[in-house]
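Take a look at the structure set out below.
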Amino acid sequence: MKNTIKYKIGQTYDGAGEVKGIKFKLLLRKGDDCLFERTDGYYEIIKLRQQKRTEKEINGRKFTLEAKEIYPKGDSWDGKCIKSYKTAVEEFSKERLN
């Protein structure tokens with residue numbers, strides 16, 4: 001199986017959709033839990049989703065969806081946006097304990 005890790009500590013990612021124009025830098029990661037610094041002055045704590053490799057068939061055409069990490073968006077987004085770095089790190093640590 002291929003390495004499916006997309007989001008790496010220290011790397012910056014461009015926002016899309018509702019957060020287009022905002023850049024996100026991954027500061028901390030433990031498993032699927034991530035703490036990002038946003039260029040709009042906020043810190044964001046999210047849990048990445050994992051898409052498993054699956055085979056699909058639609059209208060007789062077969063294709064494969066590869067395994068990959070997915071940044072939650074829209075209705076599946078259940079993260080936290082926090083203004084204070086200290087508070088964000090504390091919340092990230094608490095999330096890891098649950």
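Just checking, how many residues over the stretch 4-44 are assigned to a loop (DSSP other than H, G, I, E, B) and farther than 26 Å from residue 65 by Cα? Of the residues in that region, 7 qualify. Check whether at least one residue in the stretch 52-65 is buried (at least 16 other Cβ atoms within 10 Å of the Cβ) and over 11 Å from the mean Cα position of the chain (by Cα), and report yes or no. The answer is no, given that none of the residues of the stretch 52-65 is buried (at least 16 other Cβ atoms within 10 Å of the Cβ) and over 11 Å from the mean Cα position of the chain (by Cα). The set of residues from the stretch 51-98 being assigned to a helix (DSSP H, G or I) and among the β-branched types (Val, Ile, Thr) comprises 87, 89. Restricting the first member to the stretch 69-90 and to residues that are in contact (Cβ under 8 Å) with a residue 24 or more places away in the chain and surrounded by 13 or more Cβ atoms within 10 Å (Cβ to Cβ), and the second to residues that are of a type in the set (Val, Ile, Thr) and in a helix (DSSP H, G or I), the beta-carbon pairs closer than 9 Å and six or more apart or on different chains are 73/19. Out of all the residues in the stretch 2-49, which are more than 13 Å from the chain's Cα centre (by Cα), exposed (fewer than 12 other Cβ atoms within 10 Å of the Cβ) and among the polar types (S, T, N, Q)? 3 - this is the single residue of the stretch 2-49 that is more than 13 Å from the chain's Cα centre (by Cα), exposed (fewer than 12 other Cβ atoms within 10 Å of the Cβ) and among the polar types (S, T, N, Q).
Each value in this text was obtained by applying a stated rule to the coordinates, not by laboratory testing. Because the structure is a prediction, the values reported are computed rather than measured. We place every Cβ from the backbone using ideal geometry, glycine too, and count neighbours over all the protein chains shown.
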